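A.B. asks: Take a look at the following structure, please.
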Amino acid sequence: MKNLVRIMLEGTYTNLKRILFASDRVTDMELRSKILEGRIVPTDKVATESCIGCAGCKNVCPTSAIEMVKLETPVELMEGLVKEEIPVIDSLKCVNCYYCHDFCPLYALFGEAGTIHPNDVGDVNPDVREMLEKPVKISDDKLAYISKFLSDTAILRKRQDQENSK
Ligand code: SF4
Ligand code: SF4
């Protein structure tokens, strides 16, 4: 019992530290404040239409609460990028750290509302094809950091090609 309490306390402390101090976090202070003040209601929602199926959320989830599920019919989003699977969240395992939202490229790369969890921070149904043509909004070092967690780096490769051809 003592051990269980210790694990819970450690988990809470780690999450608080992540939300407040993680300098490598992508989520802006406004969203962090919303999380801390409980103004974002946790949901198990994933906006599957706008999700690009990159699995970044799954790869960063500290509790393995996200599983990628195969789509019956894959969707081609742009040349070289096919959406083949989408995430499903197990709300019993989720600890509401919102790292998945942090690393969702819709939010992290393009500054649109992430398609996962805090769905009340803006329009969650952007036109994905149009959005993928937009310029990336983050610095190169953050881009490199985030790309480590994305399974499909087609967007990043395309950006690099565009930069190289200038
Ligand atoms: S908020 Fe996202 S990353 Fe954090 S535990 Fe829940 S599903 Fe995983
Ligand atoms: S990180 Fe965002 S775009 Fe990528 S699979 Fe998860 S919800 Fe979809």
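The values are calculated or read from the model by the stated rules, or taken from the named source; none is laboratory data. Quantities reported herein were computed from a predicted structural model and do not represent experimental measurements. Note: ideal-geometry Cβ built from the backbone for every residue, glycine included; neighbour counts use all protein chains shown.
A.B. asks: Let me spell it out: the conditions are (1) among the polar types (S, T, N, Q); (2) out of contact with any helix residue (DSSP H, G or I) (no Cβ under 6 Å at 6 or more places or on another chain); (3) outside any helix (DSSP H, G or I); (4) within 14 Å of ligand 2 (Cβ to nearest atom), and SER50 meets all of them except one. Which number is the exception?
C.D. replies: The one condition SER50 does not meet is (2).
A.B. asks: So which of SER64, SER165, SER91, SER139 ends up being without any contact (Cβ under 8 Å) to a residue 60 or more places away in the chain, exposed (fewer than 12 other Cβ atoms within 10 Å of the Cβ) and under 20 Å from ILE40 (Cα atoms)?
C.D. replies: From the options SER64, SER165, SER91, SER139, the qualifying one is SER91.
A.B. asks: Return the only residue of GLU112, GLU76, GLU84, GLU72 being assigned to a strand (DSSP E or B), among the charged types (D, E, K, R) and touching a Leu at 6+ places or on another chain (Cβ under 9 Å).
C.D. replies: GLU84
A.B. asks: Which of the residues that make up the stretch 56-100 are near ligand 1 (Cβ under 7 Å from one of its atoms) and touching a strand residue (DSSP E or B) at 6+ places or on another chain (Cβ under 8 Å)?
C.D. replies: CYS57, ALA65, ILE66, ILE89, CYS100
A.B. asks: So which residues in the stretch 116-137 are modelled with pLDDT under 70 and not charged (D, E, K, R)?
C.D. replies: PRO118, ASN119, VAL121, GLY122, VAL124
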